[in-house]
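Structure, as structure tokens:
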Amino acid sequence: MSDAPLTTEALLRIAAASFESDTPRLDAELLLADATGWSRTSFRAWPERVPDTAQRARFQAQVEERRRGRPIAHILGEQGFWSLSLVVNDATLIPRPDTECLVEAALALALPAQAHVLDLGTGTGAIALALASERPSWQIMACDCVPAAVELARLNASKLGLPIDVVTSHWFAGLSGQRFDLIVSNPPYIARADTHLFQGDVRYEPETALVAGADGLDDLRHLILHGSDRLVANGWLLVEHGHDQGEAVRDLFKACAYADIATGQDYGDRDRYTLGRKPSNTTAANPNRRDPHAG
């Protein structure tokens, strides 16, 4: 990009044309807003405005990072989710808008006023914090097995003033005998050989937060298999999964004797989450089950 003074509209147009992105104009606007401190609406109101030399230099450096494929969220160090602004880094997944559908589904459940809720594999803390922002009386625990993710979720909780309990645990392993009214999770669910792992923002995200075995279902199997033991009677398990995994995940819920199993769609009308209830007349989905990933 030229060092000649250009208007905001010219800068945005040139930058957007250089991005390989599904949302090039939005990407350019977010970067210029960060570089200048101006709102995105001001770009439309005053397209002839000219950033100063320092603002242009910052913008050009960010544009070059985006051209190389670095995610916008990593460049800016934050990502919007629900009504929250979350600090993000390369230790965790970047929260996606479609995961907000999981939050909506959780909020729609008829849970006790002081429900005990667990967010497994919390990452940035996005799901737990969104729920806490809407249901302040819920007692919410969030866990992750990655220490850097635990630190990040705690940072976001402190920054937002939302009192969730963030602990280190690989799935249920470090949670002793606690039981919950709701367990929610956005676990890894991409197959090891999936070509999407080499495209877009996921190239910059940790593989351990994305990949779950040959078919992408390893972690979902574990959560569904063991989730019933961690639920109170009539408690709910709610998990995110791939758009083509709905039937397979429902089958896993059925095999473990959950009731009221249902799959919901994301904002693109693709299967995105499935939930099931632990029946009141059982204490375990299958007392004879075996799991190679137990723990």
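Is it the case that residue 9 is touching a Pro at 6+ places or on another chain (Cβ under 7 Å) and either modelled with pLDDT of 95 or more or among the charged types (D, E, K, R) (or both)?
Details: touching a Pro at 6+ places or on another chain (Cβ under 7 Å): yes; either modelled with pLDDT of 95 or more or among the charged types (D, E, K, R) (or both): yes.
Yes: the conditions hold for residue 9.
When you scan segment 117-125, do you find a residue that is in contact (Cβ under 8 Å) with a residue 40 or more places away in the chain and loosely packed, with under 15 Cβ neighbours inside 10 Å, even just one? Give the steps one after another, and end with the answer.
Our first condition is that a residue be in contact (Cβ under 8 Å) with a residue 40 or more places away in the chain; within segment 117-125, this holds for 117-125.
Still in the list and also loosely packed, with under 15 Cβ neighbours inside 10 Å: none.
There is no residue in segment 117-125 that is in contact (Cβ under 8 Å) with a residue 40 or more places away in the chain and loosely packed, with under 15 Cβ neighbours inside 10 Å.
How many residues are over 19 Å from residue 79 (Cα atoms) and touching a Leu at 6+ places or on another chain (Cβ under 6 Å) if we restrict to segment 144-170?
1
Kindly establish whether residue 99 is surrounded by 24 or more Cβ atoms within 10 Å (Cβ to Cβ) and among the β-branched types (Val, Ile, Thr). Talk me through it step by step, then tell me what you get.
Details: surrounded by 24 or more Cβ atoms within 10 Å (Cβ to Cβ): no; among the β-branched types (Val, Ile, Thr): yes.
Considered against the rule, which asks whether it is surrounded by 24 or more Cβ atoms within 10 Å (Cβ to Cβ) and among the β-branched types (Val, Ile, Thr), residue 99 comes out as no.
Which of the residues belonging to segment 86-107 are touching a residue at least 40 places away in the same chain (Cβ under 8 Å) and more than 10 Å from the chain's Cα centre (by Cα)?
Matches in segment 86-107: 86, 87, 88, 89, 90, 91, 101, 105, 106.
Can you find even one residue in segment 162-183 that is among the charged types (D, E, K, R) and over 26 Å from residue 264 (Cβ atoms)? Quick ask: steps written out before the conclusion?
Step one: of segment 162-183, the residues among the charged types (D, E, K, R) are 165, 179, 181.
Those left that are additionally over 26 Å from residue 264 (Cβ atoms): 165.
Yes - at least one qualifying residue is present in segment 162-183.
Quick check on residue 82: is it of a type outside the set (Asp, Glu), crowded, with 18+ Cβ neighbours inside 10 Å and either in the same structural domain as residue 273 (by TED's automatic domain parsing) or free of Cβ contacts under 8 Å to residues at least 60 places away in the same chain (or both)? Break it down stepwise before answering.
Working: of a type outside the set (Asp, Glu): yes; crowded, with 18+ Cβ neighbours inside 10 Å: yes; either in the same structural domain as residue 273 (by TED's automatic domain parsing) or free of Cβ contacts under 8 Å to residues at least 60 places away in the same chain (or both): yes.
Criteria met by residue 82.
Looking at 142, 128, which is the one that is at pLDDT 95 or above, part of a strand (DSSP E or B) and in contact with an Asp or Glu (Cβ under 6 Å, 6 or more places away or on another chain)? It would help to see each step written out before you state the result.
Numbers: 128 fails: part of a strand (DSSP E or B).
Exactly one of 142, 128 is at pLDDT 95 or above, part of a strand (DSSP E or B) and in contact with an Asp or Glu (Cβ under 6 Å, 6 or more places away or on another chain), namely 142.
Testing residue 206 on (1) at pLDDT 95 or above; (2) within 16 Å of the chain's Cα centre (by Cα); (3) closer than 27 Å to residue 23 by Cα, one condition comes back false. Which one is that?
Against the list (1) at pLDDT 95 or above; (2) within 16 Å of the chain's Cα centre (by Cα); (3) closer than 27 Å to residue 23 by Cα, residue 206 comes up short only on (1).
Could you give me the residue pairs with C-beta distances under 7 Å whose first residue belongs to segment 262-273 and is in contact (Cβ under 8 Å) with a residue 24 or more places away in the chain, whose second residue is assigned to a loop (DSSP other than H, G, I, E, B) wherever it lies, and which are 6+ apart or on separate chains?
270/243; 271/243; 272/243; 272/266; 273/241
Please indicate, with yes or no, whether at least one residue in segment 104-121 is under 26 Å from residue 34 (Cβ atoms) and aliphatic (A, V, I, L, M).
At the first step, the residues of segment 104-121 found to be under 26 Å from residue 34 (Cβ atoms) are none.
No, segment 104-121 contains no residue that is under 26 Å from residue 34 (Cβ atoms) and aliphatic (A, V, I, L, M).
I'd like the full set of residues that are in contact with a strand residue (DSSP E or B) (Cβ under 6 Å, 6 or more places away or on another chain), surrounded by 18 or more Cβ atoms within 10 Å (Cβ to Cβ) and either of a type outside the set (A, V, I, L, M, F, W, C) or not assigned by TED's automatic domain parsing to the domain that holds residue 103 (or both), limited to segment 238-271.
240, 246, 250, 258, 266, 271
The values are calculated or read from the model by the stated rules, or taken from the named source; none is laboratory data. Not measured: the values here are computed from a predicted model. Note: ideal-geometry Cβ built from the backbone for every residue, glycine included; neighbour counts use all protein chains shown.
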